[in-house]
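The values are calculated or read from the model by the stated rules, or taken from the named source; none is laboratory data. A quick note: this is a predicted structure, and the numbers were derived from the prediction, not measured. Positions of Cβ are backbone-derived with ideal geometry, glycine not excepted, and every protein chain shown enters the neighbour counts. These area figures cover heavy atoms from the full protein model, side chains too; ligands, DNA and RNA do not enter into them. Shrake-Rupley method; radii C 1.70, N 1.55, O 1.52, S 1.80 Å.
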Amino acid sequence: MKVSRDVRELVVRRAQDACEYCRLPQVASLLPHQVDHIIGKQHRGSDDAANLCLCCIRCNLNKGPNIASIDPETGLLVALYHPRSNIWREHFASTTEGLIRGLTAEGRATVLVLAMNEEDRVRLRALLIRRGRYP
């Protein structure tokens, strides 16, 4: 998605230059984080800043157009985490080992769909945590 410089700056500033899903800081990524639709256009999501978030390439590719998934604990269909209407720490927790745990149905489903705990991502987060560079 192509956005204006002003919109990109707003999204980056609001996200504090980190992925709004896995919280990977931009400085720890080789590729620039992307401005993405939280609710995809195919689901009638708008281009309004309230529907945009900053996300790393991996979270963006894994999320795709998904807006819901199955909670692995309850087996129920739930909405994925929504960076504009949900609070990260209420849905996720990160461990000192670099894992991201889903605390809610939405959090658990999002961790799985976005593959947040792939081995290399966990190692990177653990390194960032040890260096005081991960939120």
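Taking a ≥ b ≥ c as the square roots of the eigenvalues of the Cα gyration tensor, the stretch 86-135 is classed as oblate, since a/c reaches at least 1.5 and a/b does not exceed b/c.
Distance between the C-alpha centres of the stretch 102-135 and the stretch 56-91: 13 Å, rounded to the whole angstrom. FRET efficiency for the ASP120 to ARG14 pair, using the beta carbon distance and R₀ = 30 Å, is estimated at 0.65. Once C-alpha pairs closer than 8 Å and six or more residues apart are averaged by separation and normalised to the residue number of the chain, the relative contact order reads 20 percent. For the stretch 58-98, the solvent-accessible area with a 1.4 angstrom probe is 57 square angstrom per residue.
Summing charges over neighbours of THR104, with a neighbour being any other residue whose Cβ is under 12 Å away from its Cβ, gives -1 when K and R count +1 and D and E count -1. Nonpolar atom fraction for the stretch 1-102, defined as the carbon and sulfur part of the 1.4 Å probe accessible area, stands at 53 percent.
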